[in-house]
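Beneath this line is the structure, given in structure tokens, with notes to follow.
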Amino acid sequence: MATPSNSSTPSASNSATPSTTNRTDVGADRVVALTLKIGAYLAFSLIAAGLVMQIWLPMGKRVASAGLLVLLFTPLVRIVVAGLQFAHERDWKYVVVSAVVLGVMVLAYALGIKV
Amino acid sequence: MSTATILALMAVGFFTGGFGAVAGIGGGVIITPLLMMYFGLPMQQAIGVTLVAVIATSTATSSLFVERHVTDIRLGMTLEIATTVGAMIAALLAPHVDRRTLAVLFTVFLLYTAFSLVKKAWDTRKQKKHDEVADYTVHNYPIGLGASLIAGGMSGLLGIGGGPIKVPVMLLFMKVPLRVAAATSNFMIGVTAATSALIYWGRGDVNISVATPLVAGVFAGSLLGARLAPKVRPVYVLGLLIVLLSWLGIQMLARLLSGGIH
């Protein structure tokens, strides 16, 4: 049986506090999904085109490797895009998080080419 | 490389990408042993190529999960601080680690993945489909960061994504709903694997002739799989993957015992 006291506290369990709305940041989700999609389709197209070209032309291999490089750098671009979006939302904590992750990736790249 | 090999690599990519997207695994744990045992790649190259394939799965499928607001990108990026550090250190150490030790670690992880899929198949047996994810608050960041450091290290060392480590920790300790944990783990794998892949690439361990047809197959398979995933009952796919993983695990054990891995 519904009692008046129940209906007087409708938002007690369902209020949207910042800590529970991580997932519903529509703006950040949209730009990140778009970045991943562009990266995925661009890499896929270059690799597929390169593989087909390879049958007749030696430069096909270069086109396909360019596709692999696009794939390798898509996650890096994704971090930059997310960081810019967080800055636009003035969510400075996650601007710092993005910067740190980007820093580690750049460091790995710098160490990687020296090894 | 022969046309037959190129087509075989595309097929391997297509099926691991497709089944992986439906079952929610990256598929790295399947690709590495296949490349070692059937395509004759040395272990470091097999791992380097697998890392690139794993980035492809993550990028293709997480573009869809992020769009559907299942992924928690803030949680994912926070944990990426730990996965990338682990991946970088492990990728730098990998060439100096004894191959047999790596192969043993890999086989253990492979069998653990098979076990985690058995558990998943059992749990989803009579579960109803529900699209809404309840609100949640993330708990226990230190434990999550610790597990992410280990998962990143395993990724840099073995080429895998490390989902079976991160997902249970997010679920049990961080109190994140299963669908969000799986999507977020998948989202993190792109950045984690790219960090190690940059180091493997710099070392010349990403064999381009092998990687390109494999990645083309992975893209096609995982884009298709991610679209089919909401409509397909995963139990059969899970069953198939469990059989495949157990078989690969037994093959790896046999090679280890006969001294076939150097």
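We did not get these values from a lab; they are worked out from the coordinates using the rules stated. As the structure is a prediction and not an experimental result, all values here were calculated from the model. Virtual Cβ from ideal backbone geometry, glycine too; neighbours counted across all protein chains shown.
Name the residue from B:206, B:225, B:48 whose Cα lies farthest towards the positive end of the charge dipole of the protein assembly as shown, charges +1 on Cβ of Lys and Arg and -1 on Cβ of Asp and Glu.
So the residue furthest toward the plus end is B:225.
Quick one: dipole size for the protein assembly as shown, taken about the Cα centre, charges +1 on Lys/Arg Cβ and -1 on Asp/Glu Cβ, in debye to the nearest 20.
My answer is approximately 500 debye.
For chain B, give the magnitude of the charge dipole about the Cα centre (Cβ charges: +1 Lys/Arg, -1 Asp/Glu; no others), in debye to the nearest 20.
About 600 debye.
Connecting C-alpha atoms closer than 10 Å in a GNM of chain B, tell me which of B:113, B:84, B:137 has the biggest fluctuation.
Of B:113, B:84, B:137, the Gaussian network model singles out B:137 as fluctuating most.
Rounded if a/c is under 1.5, else prolate if a/b is larger than b/c, else oblate: which is the stretch A:27-114, with a ≥ b ≥ c the root eigenvalues of its Cα gyration tensor?
oblate
Just the number, please: Stokes-Einstein D of the stretch B:3-257 in µm²/s, Kirkwood Rh from C-alpha pairs, 25 °C, 0.890 mPa s.
Translational diffusion coefficient: 137 µm²/s.
When a/c reaches 1.5 or more, the comparison of a/b and b/c decides; with that in mind, is the stretch B:6-102 rounded, prolate or oblate per its Cα gyration tensor?
Oblate.
Rank the residues B:50, A:74, B:5 as a footprinting-exposure proxy: fewest other Cβ atoms within 10 Å of their Cβ go first.
B:5, A:74, B:50
So, R0 is 35 Å and r is the distance between the beta-carbons of residue B:4 and residue B:140; what FRET efficiency does that work out to, to 0.05?
Taking R0 as 35 Å, the efficiency between residue B:4 and residue B:140 is 0.10.
In the protein assembly as shown, with Lys and Arg counted as +1 and Asp and Glu as -1 at Cβ, which of these residues, A:104, B:163, B:84, has the Cα nearest the positive end of the dipole, that is, farthest along it?
Value computed over the given set: B:163.
Please report A:47, B:143 as a ranked list, fewest other C-beta atoms within 10 angstrom at the top and most at the bottom.
B:143, A:47
For every helix of n ≥ 4 consecutive DSSP H residues, a contribution of -39,500 (n - 2.57) applies; sum these over chain B, divide by its total residues, and give [θ] at 222 nm rounded to the nearest 500 deg cm²/dmol.
One gets -26500 deg cm²/dmol as the mean residue ellipticity at 222 nm.
P(r) tail for the protein assembly as shown, what percent of Cα pairs lie past 28 Å?
41
Pick out the long, greasy-scoring helices in chain B: whole DSSP H runs spanning 27 Å or more along their own axis by Cα, mean Kyte-Doolittle at least 1.6.
In chain B, the long hydrophobic H runs are B:3-23, B:234-257.
Between rounded, prolate and oblate, where does the stretch B:218-261 land on the alpha carbon gyration tensor, with a ≥ b ≥ c its root eigenvalues, rounded for a/c under 1.5, else prolate if a/b exceeds b/c?
Oblate.
For a quick size check, give me the Cα extents of the stretch B:150-213 along its three principal axes, largest first, whole Å.
41, 23, 14
About the Cα centre of the stretch B:1-129, what is the dipole size in debye to 20, counting +1 per Lys and Arg Cβ and -1 per Asp and Glu Cβ, all else neutral?
Once rounded to the nearest 20, the dipole reads 540 debye.
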